[in-house]
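Written below as structure tokens is the structure these notes are about.
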Amino acid sequence: MGQKVNPIAFRTGVMLGWKSRWYASKQEFAELLLEDHKVRDFIKNHPKKPQYRNAGINQIEIERTRDDVKIVIHAARPGLIIGKRGQEIEILQAELQNLIGRIVNLKVEEIGRPELKAQLVAEDISQQLSRRSSFRRTMKRAMETTMDAGAGGIRIQLAGRLGGAEMARREKQSTGSIPLSTLRANIDYGFTEAKTAQGHIGVQVWINNGMFEGQSDGADAETGQAPKKPKRSYKR
């Protein structure tokens, strides 16, 4: 089960919060969902500002009220988005307002340790593969950097024409523990594609950031267990 389920989707609503927080009727839900996708795609792949791709954007949270839309960008290098004296972020806020036709409140938060964010690690591996770096050396270096930053474990999986081979294959390396099926485990997941001359290479990264704090340790699991049904007796 743990190999087939996205660990973030597996924990969303149980141990993790939603990245989009709003309520809408059935008539408006689809439109607002596409609007969220449009906003995230516009920020990450800005047509006129390629520096946003180097800003290390891990996730974009969207919260809606009746009057406005609050957008929080989590980035490893927020200076590339904010600009000098906050000029760039004001331009981006105006562009987003024109894009969706609503009042936008934009906020940028800095990520303290980008080595522990799976999406940023995957994007860093993707950039190195695009520069024709050795995929095994790239995977080993990323794993050492993440483990030195304090992670409990990391798994990296590449799929595609690795090293320019004629036939596509899959390579996987891992170190530490990655308990994918343990809901209390804080498993971060990232995916991206590296564009090489031989084709696209899929990059998947799982990082174990320990256990969620403030949760039950399972000591009282037996007391909360559902009562077992009595066995049926059959008369001969």
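If you take the residues in the range 175-192 that are in a loop (DSSP other than H, G, I, E, B), touching a residue at least 24 places away in the same chain (Cβ under 8 Å) and out of contact with any Lys or Arg (no Cβ under 7 Å at 6 or more places or on another chain), which one is nearest to Leu16 (Cα to Cα)? Break it down stepwise before answering.
Our first condition is that a residue be in a loop (DSSP other than H, G, I, E, B); within the range 175-192, this holds for 177-184.
Still in the running and touching a residue at least 24 places away in the same chain (Cβ under 8 Å): 177-181, 183-184.
Remaining after also requiring out of contact with any Lys or Arg (no Cβ under 7 Å at 6 or more places or on another chain): 177, 179-181, 184.
On the way: Ser177: 20, Pro179: 16, Leu180: 14, Ser181: 15, Arg184: 10 Å.
If we take residues in the range 175-192 being in a loop (DSSP other than H, G, I, E, B), touching a residue at least 24 places away in the same chain (Cβ under 8 Å) and out of contact with any Lys or Arg (no Cβ under 7 Å at 6 or more places or on another chain), then Arg184 is nearest to Leu16 (Cα to Cα).
Residue check: is Glu88 in a helix (DSSP H, G or I), touching a helix residue (DSSP H, G or I) at 6+ places or on another chain (Cβ under 9 Å) and modelled with pLDDT under 90?
So Glu88 passes the test.
Check Ile156 against each of (1) in contact with a Phe, Trp or Tyr (Cβ under 9 Å, 6 or more places away or on another chain); (2) at positive phi and name the one condition it does not meet.
(2)
Would you confirm whether any residue within the range 75-92 is among the aliphatic types (A, V, I, L, M) and within 30 Å of Met211 (Cβ to Cβ)?
yes
Out of Gln59, Gln51, report the one residue that is assigned by TED's automatic domain parsing to the domain that holds Asn98 and either more than 17 Å from the chain's Cα centre (by Cα) or at pLDDT below 90 (or both).
Gln51
Mind checking which residues of the range 91-124 are closer than 23 Å to Glu35 by Cα and either touching a residue at least 60 places away in the same chain (Cβ under 8 Å) or outside any helix (DSSP H, G or I) (or both)?
Correct list: Leu99, Ile100, Gly101, Arg102, Ile103, Val104, Asn105, Leu106, Lys107, Val108, Glu109, Gln119.
Among the listed residues Arg155, Arg131, Arg136, which satisfies the condition of being touching a strand residue (DSSP E or B) at 6+ places or on another chain (Cβ under 9 Å), modelled with pLDDT of 90 or more and farther than 18 Å from Pro114 by Cα?
Arg136
The values are calculated or read from the model by the stated rules, or taken from the named source; none is laboratory data. All values derive from a computational prediction rather than experimental measurement. Positions of Cβ are backbone-derived with ideal geometry, glycine not excepted, and every protein chain shown enters the neighbour counts.
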